[in-house]
Amino acid sequence: MNPLCENEFSDENRPLKYESIVKEYGKSIFHYIFSLVKHKELAEDIYQEVLISAYIAYPNFEDNKKIKSWLYTIAINKCRDYWRKEKRKNKFWEESVYTYVRNSADSMPPPEEIIINQCSKEEMIDTLEELPIMYKEPLMLFYYHNQTLVEISDKTKLPLSTVKTRMKRAKDKLKPKMASKLVNI
């Protein structure tokens, strides 16, 4: 029995045809998925999703001569879906890593926040005015406009790493100035 013959598309023959297709192409599809994701259990999960999707879509599949490439297309699309999902999940965590914890009872604020809170707002703004604009802007947006580093990056059209570097350098330039002001208090 040839599972690829068009006259065998009746509903009762569908499971038999599909089973023979899986027997013929299953191993190569699994190895292809495994070569993409490099993790056996994940490859098995994606392989199962590919088989389910192919089984559901099989009655609508018309060109039986290209069944192998059709299965490979489903496999790569399932891998891409997985990667997109992981990217979204990681993006959420990346963004939360780049925001500082505020008002948390469990953590102490960083020293620069303590200094900022001890000084009056006007005094701090005067000290910030002494900085070059490239260092002043990220600090103002972060501390006085409550924007995350990702939001600052979007607003200034700068890469996130540049924003982080400028904030670090600005804080480094502010520390000696603020320390001398605290000593004088």
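Of the helices (runs of 4 or more DSSP H) entirely within segment 94-175, those holding at least 1 residues that are at pLDDT 85 or above, under 20 Å from the mean Cα position of the chain (by Cα) and surrounded by 14 or more Cβ atoms within 10 Å (Cβ to Cβ) occupy 149-156.
Scanning segment 162-174 for residues that are out of contact with any helix residue (DSSP H, G or I) (no Cβ under 9 Å at 6 or more places or on another chain) and polar (S, T, N, Q) gives a single hit, 165. Here segment 1-38 is the region considered, the condition is being assigned to a helix (DSSP H, G or I) and either over 19 Å from residue 75 (Cα atoms) or in contact with a His (Cβ under 6 Å, 6 or more places away or on another chain) (or both), and the residue that is modelled with the lowest pLDDT is 7.
Restricting the first member to segment 153-164 and to residues that are in contact (Cβ under 8 Å) with a residue 60 or more places away in the chain, and the second to residues that are among the polar types (S, T, N, Q), the beta-carbon pairs closer than 8 Å and six or more apart or on different chains are 160/153. In segment 39-60, is there at least one residue being outside any helix (DSSP H, G or I) and either open to solvent by 60 Å² or more (accessible area, probe 1.4 Å) or of a type outside the set (Val, Ile, Thr) (or both)? For segment 39-60, residues outside any helix (DSSP H, G or I) and either open to solvent by 60 Å² or more (accessible area, probe 1.4 Å) or of a type outside the set (Val, Ile, Thr) (or both): present.
The values are calculated or read from the model by the stated rules, or taken from the named source; none is laboratory data. Just so you know, these numbers come straight off a predicted model, no measurement behind them. Note: ideal-geometry Cβ built from the backbone for every residue, glycine included; neighbour counts use all protein chains shown. The area values use the complete protein model at the heavy-atom level, side chains included, leaving out ligands, DNA and RNA. Shrake-Rupley method; radii C 1.70, N 1.55, O 1.52, S 1.80 Å.
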